[in-house]
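The values are calculated or read from the model by the stated rules, or taken from the named source; none is laboratory data. Predicted model, so just to flag it, every value in this text is computed and none were measured. As a convention, Cβ positions derive from the backbone with ideal geometry for all residues, glycine included, and neighbour counts pool all protein chains shown. All accessible areas refer to the heavy atoms of the entire protein, side chains included, with ligands and DNA or RNA removed. Shrake-Rupley method; radii C 1.70, N 1.55, O 1.52, S 1.80 Å.
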Amino acid sequence: MKVRKVSFTCSGGFVQMDYMDQSLEVSTSKVGNLDQSDMFRIPLEYDLRRVSVRKEEPLKAELEQFLKAAESKGRPAAGVSMQCRT
């Protein structure tokens, strides 16, 4: 099973990125006023947002950047190494 997710727990919520289906979700929650005599019903507000992301194939984008750098004899983007032998 392939899993390519990264999660962040923050003071204001929870963020999860899924690299496989290229999605981003941000969830937040907030506890309302508590009734000390009824601790079985906790007023909880929950918000889940799915953020639109541009879907692309990372390997394809990296190869395109590499080719552009090779053609223009420029520097490649970070994470791309170019070693040429003459």
(request) Could you tell me which label, among (1) 234; (2) 92; (3) 155, carries the value of volume of the Cα convex hull per residue in Å³ calculated for this structure? (result) (3)
(request) Take the solvent-accessible surface of the protein heavy atoms, probe 1.4 Å, and return the percent of it on the chain that carbon and sulfur atoms account for. (result) 53
(message) To the nearest 20 Debye, how big is the dipole of the chain about its Cα centre, given +1 on the beta carbon of each Lys and Arg and -1 on that of each Asp and Glu?
(response) 540
(request) Could you tell me how many degrees, from 0 to 90 and to the nearest 10, lie between the Cα long axis of helix 58-72 and the main elongation axis, the longest principal axis, of the Cα atoms of the chain? (result) 30
(request) Starting from the range 1-73, pick out the chymotrypsin sites (Phe, Trp or Tyr not before Pro) whose DSSP state is loop and whose Cβ has at most 16 other Cβ atoms within 10 Å. (result) Tyr19, Phe40
(message) Once you place label points 7 Å from the Cα toward the Cβ at Val31 and Ala69, how far apart are they in nm?
(response) 4.9
(request) Could you check the simple spin-label distance between Cys10 and Glu62, using points 7 Å along Cα→Cβ, in nm with one decimal? (result) 2.6
(request) Tell me the GluC sites (Glu not before Pro) within the range 35-67 that lie in a loop according to DSSP and have at most 13 other beta-carbon atoms within 10 Å. (result) Glu56
(message) Please enumerate, by chain and number, the lysines with C-alpha under 27 Å from the C-alpha of Lys5, excluding those fewer than 8 residues away in the same chain.
(response) Lys30, Lys55, Lys60
